[in-house]
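In what follows, a structure is listed as structure tokens, so that the remarks can point back to it.
Here, each number is a calculation from the coordinates, and none is a lab measurement. Small disclaimer: the values here were computed from a predicted structure and weren't measured. For neighbour counting, all protein chains shown are included, and Cβ atoms are generated from backbone atoms with ideal geometry for every residue, glycine included.
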């Protein structure tokens, strides 16, 4: 009787049941026994944690997850539209982007339309298409320069074309135009082109990026090894590049059909000189592409959302 309470009426607070109780079939409940023990332990542990510490921990965890998601979005969702979108963290020699070659401008450079994994350009999440007009592509593509090779110079800036320039251009066009390639971005050169190690996926190399396009061009005899300052050869290395060039020269394939070149691309450019700030002709517009204005920063998030396209 009150105020005295009998012992049978005294009991501890009943433990809460696991949230899946009554939801899953009874036959499967024994399998969730260990999970129920962990659930009860976690609940009791949280009750002993001060509310302020719990709030700070949740806030910190949320910040870490948000940062990770932003970085994941930047690598997997964000499309690199042109050279203005290239930041130093992208040009570190480790970032590999996938895209479609929309135009081959010369024997050693081309235009790439970047197609990120979750950008809506690939099945089964394909809801975007690649532009086909030159005007749309010029501001939405990366101007890529093949790393480690130098192809015969085409006619531009009023200068005559080198021998085998047309054949070199045709070889690269047949090899990569309208095809998907991987580009390992290295740096941006003085003409605002992206120097990259380019790989063409092939079915007999399922566990790699594919064929190195620069190396294949040397094997076919349509390019020489680029040995000027800032040359990049990737994991293959300069020695292998030179070895493949020597093999093509010995076999007299491509432009080595006569054994020797009257003038290499490097000698040609040195003899005629390259006007400062001018790159190779960009056949996508039919004109010489002006260099990107220096110091121009990548547009901010609000400008990209609400600004003009």
Scanning the range 173-225 residue by residue, the ones that are part of a strand (DSSP E or B), free of Cβ contacts under 8 Å to residues at least 40 places away in the same chain and surrounded by fewer than 20 Cβ atoms within 10 Å (Cβ to Cβ) total 2
Residue count, the range 233-260, condition under 31 Å from the mean Cα position of the chain (by Cα) and outside any helix (DSSP H, G or I), comes to 5
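When you scan the range 127-146, do you find a residue that is at positive phi, in a loop (DSSP other than H, G, I, E, B) and in contact with a helix residue (DSSP H, G or I) (Cβ under 7 Å, 6 or more places away or on another chain), even just one? Even if it seems obvious, please write down each step before you answer.
Residues of the range 127-146 at positive phi: none.
No, the range 127-146 contains no residue that is at positive phi, in a loop (DSSP other than H, G, I, E, B) and in contact with a helix residue (DSSP H, G or I) (Cβ under 7 Å, 6 or more places away or on another chain).
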In the range 81-120, anything touching a helix residue (DSSP H, G or I) at 6+ places or on another chain (Cβ under 6 Å) and within 19 Å of residue 172 (Cβ to Cβ) is listed as 101, 102, 104, 107
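Which one is surrounded by the fewest Cβ atoms within 10 Å (Cβ to Cβ) among residues in the range 226-235 that are under 19 Å from residue 183 (Cα atoms) and free of Cβ contacts under 8 Å to residues at least 60 places away in the same chain?
In the first step, residues of the range 226-235 are kept if they are under 19 Å from residue 183 (Cα atoms); the result is 226, 230-235.
Subset that is free of Cβ contacts under 8 Å to residues at least 60 places away in the same chain: 230, 235.
Values: 230: 11, 235: 8.
If we take residues in the range 226-235 being under 19 Å from residue 183 (Cα atoms) and free of Cβ contacts under 8 Å to residues at least 60 places away in the same chain, then 235 is surrounded by the fewest Cβ atoms within 10 Å (Cβ to Cβ).
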